[in-house]
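This report refers to the structure that appears directly beneath it.
The values are calculated or read from the model by the stated rules, or taken from the named source; none is laboratory data. In this text the structure is predicted, and so the values were computed from the model without any measurement. Heads up, the Cβs are rebuilt from the backbone with ideal geometry, glycines too, and the neighbour counts pull from every protein chain shown.
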Amino acid sequence: MIAPLAAQALAISVVLPMVALLLLGIAMLISHQPAEHRVHQILAASMSTSLLLSTGLLIGLLIGVIEPVSVDLGTMIAVRGYHFDLALRADILGAIYLWLDLLLCGLIGAFSAQYLHQDEGYHRFYLLLLAFAVGLALIAVGDGLDLMFAGWELVGLSSALLIAYFIRRPAPVDNGLRAYAVYRITDIGLLLGIVVLHQHTGSASLETLGELTLPAALLVGGLLIFGAMGKGAIVPFTPWLPRAMEGPTPSSAIFYGALSIHASPFLLLRVAPVLERSIALQGTVIVLGLLTAVHASMVGRVQTDIKCSLGYASVTQVGLMWVWIGLGLYPLAIVHMVGHAILRTWQLLRAPSLLHDRHQIVRNLGTELKPTGQHLARMTPMSFRRWAYRFALERWYLDELWDGLAALVRGVLSPIDAVDRRVARLLEGDPASPVPHPHTEPKEARGK
């Protein structure tokens, strides 16, 4: 009796945000924008109902009343030997992440009702927030890596669009494109890992990860680790993170403090059976996590913007979660993930009131706050401290590294682009007309 109810609770928890997303999407497509209070009511009703159901499901799993729940909603695509199944499965890990998704997205939705009141992008923000919630739900309880990949892409797209939320300014749009480019690069690894897994096992189900041979496990594990690096801003893919703070504070809190950035360790927890097959894979995760934690800790200490400082603090904690996963300390990684997501959300939402909070604390204490964390600085020579400060201030020169790589790729692809444009003009029957190159067009023309 309990199992069917649990399956229904799981299905409804995922479907309700989809329905809300569909309603708002259709309204925007037909150029009908509902009133702000109606938008908030739709989100509140879907999120609160789903949260109640997911809470009951999580409690049942934790106390052992409910076994891991599976729901098969049918096959969406079937092509020869491949089939894409809309299958959900909630174990304790998935139920925790689903609950965290619904709780924090609902909280951000309630907070943003006043924060973005009468903003021109109000409806767009809520549409993207629902898209993010749906994508994260698919990551949390998707039974196969292919369904998780669909949610992964939805999260990445909504993230990039919210970074570029203030579309009338060029900087947010440029930074949104940069973040999306990093997602695209690393997502290739995740996609190839799924393809290789399907090639060796005939399925992309998580249960087939243990069936891989050692060489296949090394290949799949390496690709999945690479795929997880983008969302988690793991070194050397960290530079997109401070640029992501161009979006509204609520989206910064939910994406880069709470949920999106934790999709990276969550993916590693999901594919832990592959990582356990090789010490090399576990060692890679540990080294990347330590390097990221050191980098983000150093760079975060010299930031003058509170959102960037908190963003690097989030990356530091994600790096430590990678270390716990590499060491096989999965319960510690889960507890760390949940506690950090809730704390960082609160800190980012309170970021605009930082000075007021500090003045209130000083007033209550009756004295100025003393600086902390100076013990390590006192143990190092002044020459090294100056070098480390400059190195951290330049963010380990990772921006220059990526700018150089981008220039190199542009130099290689520009001649190919020119040939493609000439061929296109020939096919259009107008070979004599000059084709303006995108890098030589006036700024006004490109802006249009």
So residue 96, is it in contact (Cβ under 8 Å) with a residue 40 or more places away in the chain, under 20 Å from residue 139 (Cα atoms) and among the β-branched types (Val, Ile, Thr): yes
Test: residue in segment 136-150 that is modelled with pLDDT under 90, crowded, with 17+ Cβ neighbours inside 10 Å and of a type in the set (D, E, K, R): yes
Residue 64 over 20 Å from residue 148 (Cα atoms) and in the same structural domain as residue 129 (by TED's automatic domain parsing): yes
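So which of 395, 422, 410, 386 ends up being at pLDDT 85 or above and either under 22 Å from residue 182 (Cβ atoms) or not assigned by TED's automatic domain parsing to the domain that holds residue 302 (or both)?
Step by step, each of 395, 422, 410, 386 is checked, and only 422 is at pLDDT 85 or above and either under 22 Å from residue 182 (Cβ atoms) or not assigned by TED's automatic domain parsing to the domain that holds residue 302 (or both).
Is at least one residue of segment 61-69 in contact with a strand residue (DSSP E or B) (Cβ under 8 Å, 6 or more places away or on another chain) and surrounded by fewer than 19 Cβ atoms within 10 Å (Cβ to Cβ)?
So the first thing to find is which residues in segment 61-69 are in contact with a strand residue (DSSP E or B) (Cβ under 8 Å, 6 or more places away or on another chain), and the list is 61, 68-69.
Next, only the ones that are surrounded by fewer than 19 Cβ atoms within 10 Å (Cβ to Cβ) stay: 68.
Within segment 61-69, one or more residues are in contact with a strand residue (DSSP E or B) (Cβ under 8 Å, 6 or more places away or on another chain) and surrounded by fewer than 19 Cβ atoms within 10 Å (Cβ to Cβ).
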Condition met for residue 90 (over 16 Å from residue 342 (Cα atoms), crowded, with 16+ Cβ neighbours inside 10 Å and modelled with pLDDT of 90 or more): no
Residues (among the hydroxyl-bearing types (Ser, Thr, Tyr) and not in a helix (DSSP H, G or I)) located in segment 78-130: 82
1 or more residues over 24 Å from residue 239 (Cα atoms), among the aliphatic types (A, V, I, L, M) and in contact (Cβ under 8 Å) with a residue 12 or more places away in the chain: qualifying helices (runs of 4 or more DSSP H) within segment 259-344: 263-270, 272-275, 279-301
Any hit, segment 193-204, residues being touching a strand residue (DSSP E or B) at 6+ places or on another chain (Cβ under 6 Å) and surrounded by 23 or more Cβ atoms within 10 Å (Cβ to Cβ): yes
Test: residue in segment 18-28 that is within 25 Å of residue 204 (Cα to Cα), modelled with pLDDT of 90 or more and assigned to a helix (DSSP H, G or I): yes
